[in-house]
Amino acid sequence: MANPKLTKKQHEVLDFIKDFQKKYHYSPSLGEIARHFGVSTPTIHQHVQALRKKGYVNTGKGEIR
């Protein structure tokens, strides 16, 4: 069941990130996520920032991946 704190798209993005990490053992880039969903990188950036603010992902400033 989807977490009520997340929008449907945020939940889909989070699931994609988790599946990608499990498969490749590193996090996807914003571009890879955007290509998967067929949207722009800035759109994905907004979703990832929302996930970060809600505590679902941890992004390091200036870190590669």
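Values in this text are rule-based calculations from the coordinates and carry no lab data. Bear in mind the structure is a predicted one, so any value in this text is a computation, not a measurement. Please note: Cβ atoms are built from the backbone with ideal geometry, for glycine as well, and neighbour counts cover all protein chains shown.
What is the magnitude of the charge dipole of the stretch 1-54 about its Cα centre, with +1 placed on the Cβ of each Lys and Arg, -1 on the Cβ of each Asp and Glu, and no other charges, expressed in debye to the nearest 20?
Rounded to the nearest 20 debye, it is 200 debye.
Give, in nm to one decimal, the length gained when the segment between Lys18 and Lys53 is fully stretched (0.36 nm per residue of separation minus the Cα-Cα distance).
10.9 nm
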